[in-house]
Amino acid sequence: MKSAVLVFPGINRERDMARALRLCAGSDPAMVWHTETALPAGTDLVVLPGGFSYGDYLRCGAIAARSPVMDAVRAFAASGGLVLGICNGFQILCEAGLLPGVLMRNAGLKFICKDAYIRVERADTPFTRGYDAGQVIRVPVAHGEGNYMADSETIARLEGDGRIVFRYTAPDGALSPDWNMNGSIYAIAGILNERGNVLGMMPHPENHVEDLMGCTDGRGLFAGLGRHFSGRH
Amino acid sequence: MKARVTVTLKSGVLDPQGKAIEGALKSLGVEGVASVRQGKVFDIEVPGADRGRAEAALKEAAERLLANTVIEDYRVEIVG
C-alpha cells in the first residue's frame, strides 16, 4: 500500500500516524505538505491526521480545507482513492465537502481527552475489515469540537445507507447518552461518504497500536487497510 | 469602503457557547436577557467604490470561507 500523510500547519499527529502505518500496515508514507498541488504517483491511501491546523482559527479545519493540496485530494477521492481523516482530519474533510455535516463544539463545552469505546458497525469496508461487525474497540479521543451534526435528511441517509461506521457506546456495546461523550447525533463517531471510499472519525486509532500504549485496539484499522491493498503492488 | 459580514448560527442549531454565556449573564444578575446566540463579525476593507462589486466579493467570501452554510447564515453590509 502506498500511503500519503498530509501535513498542514498546526497538525501534530502526523508522526504518530506515519508510525502506525509503518507498524501495522507495513506502509512507509510520503509526508505531503499542504502547498503541494499533486499527490505522489501511485498513492493508494491519503490520511489527514489530527491536530490543530491553523490553530482552529475561524472553524476547526476550515482553512486547511481550502489549501492547495485539497484539490488534489478531491480529484483522488473522485477517482475512487481511499481517504482517511482522523479528528482534525475529519473536520477538514467535512469543511472540504468530502463528507457531509459538521463537527460542532462538544455539547458539554469541555475539551475531552480520554479513552472512548466505539462500536464498529460494519466490517465490510476497506477501513474496518480488520474488525468484526459489532466489535467494541477502545480508542482515545482528544477534541473540543467532535459533536457531529447534519440536517435531518443527511442523517437519515447516513443511517439508511449504513454509512455510520463507528458509534460511541458503553464498553459492552450498548448505546447510552452517558457514553456519547460529545453529544453527537446518533452517537456518531465516524462516517463514510456515499461512495464508501472516504472515512472520517474523531477517535485516534493511531494512539492504540503498540503494547507500550496500553492497548492495541487501533491496529485493526491500519492492518485491514494494508490487507485491502496487499497483492496489488 | 468598509464592510461587515455577520455570521450567525441557523435557528434550531444547538449553541452551547451561547447557552453558557446566557447562564453567566444570569448569574451576574443582568436583568432582561431572555436568550443568547453567539456569532462572528468580520470587518473588511474593500478597495474601490463599486458597491455591487464589493457585495458580490463579500458574498463569495462568506459562501466559500467565512460561513459554513450547513449550520450558519450570513449577512453582508457595506457600512461606509
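The values are calculated or read from the model by the stated rules, or taken from the named source; none is laboratory data. Just so we're clear, the structure is a prediction, and the values are computed from it rather than from any experiment. Ideal geometry is used to build each Cβ from the backbone, glycine not excepted, and the neighbour counts take in all protein chains shown. Surface areas here come from the heavy atoms of the whole protein model, side chains and all, with no ligands, DNA or RNA. Shrake-Rupley method; radii C 1.70, N 1.55, O 1.52, S 1.80 Å.
Values computed for the structure shown
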read-out	value
Yes/no for A:A107 being at pLDDT below 95, on the phi < 0 side of the Ramachandran plot, open to solvent by 10 Å² or more (accessible area, probe 1.4 Å) and part of a loop (DSSP other than H, G, I, E, B)	yes
Criterion violated by A:R195 - all others in (1) within 24 Å of B:L14 (Cα to Cα); (2) open to solvent by 30 Å² or more (accessible area, probe 1.4 Å); (3) assigned to a loop (DSSP other than H, G, I, E, B) satisfied	(1)
Selection status of A:G162, farther than 22 Å from A:A107 by Cβ and more than 13 Å from the chain's Cα centre (by Cα)	yes
Whichever residue in the stretch A:139-157 is in a helix (DSSP H, G or I) and modelled with pLDDT of 95 or more and, among such residues, is nearest to the other protein chains (Cβ to nearest Cβ)	A:T154
Residue among B:K59, B:K40 that alone is within 14 Å of chain A (Cβ to nearest Cβ) and either at pLDDT 95 or above or under 20 Å from B:G12 (Cα atoms) (or both)	B:K40
Hits in the stretch A:42-95 (condition: outside any helix (DSSP H, G or I) and out of contact with any helix residue (DSSP H, G or I) (no Cβ under 8 Å at 6 or more places or on another chain))	A:G42, A:Y57, A:S67, A:P68, A:S79, A:G80, A:G81, A:C87
Which numbered condition A:T125 misses (of (1) surrounded by fewer than 15 Cβ atoms within 10 Å (Cβ to Cβ); (2) within 26 Å of A:R138 (Cα to Cα))	(1)
Residues (among the basic types (K, R), more than 10 Å from chain A (Cβ to nearest Cβ) and surrounded by 15 or more Cβ atoms within 10 Å (Cβ to Cβ)) located in the stretch B:1-23	B:R4
Residue count, the stretch B:39-60 (criterion: within 17 Å of A:L58 (Cα to Cα) and surrounded by 15 or more Cβ atoms within 10 Å (Cβ to Cβ))	5
Filtered residues of the stretch B:37-80 (kept if of a type in the set (A, V, I, L, M, F, W, C), out of contact with any Leu (no Cβ under 7 Å at 6 or more places or on another chain), part of a loop (DSSP other than H, G, I, E, B) and under 30 Å from A:L109 (Cβ atoms))	B:A67, B:V70
Count - residues of the stretch A:158-174 that are open to solvent by 60 Å² or more (accessible area, probe 1.4 Å) and free of Cβ contacts under 8 Å to residues at least 40 places away in the same chain	4
Filter result (of a type in the set (A, V, I, L, M) and out of contact with any Gly (no Cβ under 6 Å at 6 or more places or on another chain)) within the stretch A:45-69	A:L45, A:V46, A:V47, A:L58, A:A62, A:I63, A:A64, A:A65, A:V69
Top-ranked residue of the stretch A:45-99 - restricted to ones that are of a type in the set (D, E, K, R) and away from every other protein chain (no Cβ under 13 Å), ranked as least open to solvent (accessible area, probe 1.4 Å)	A:D56
Selection from the stretch B:66-80 of residues that are surrounded by 15 or more Cβ atoms within 10 Å (Cβ to Cβ) and free of Cβ contacts under 8 Å to residues at least 40 places away in the same chain	B:N68, B:V70
Matching entry among A:R219, A:R227 (being open to solvent by 60 Å² or more (accessible area, probe 1.4 Å) and within 15 Å of the chain's Cα centre (by Cα))	A:R219
Enumeration of residues in the stretch B:24-38 that are β-branched (V, I, T) and open to solvent by 50 Å² or more (accessible area, probe 1.4 Å)	B:V30
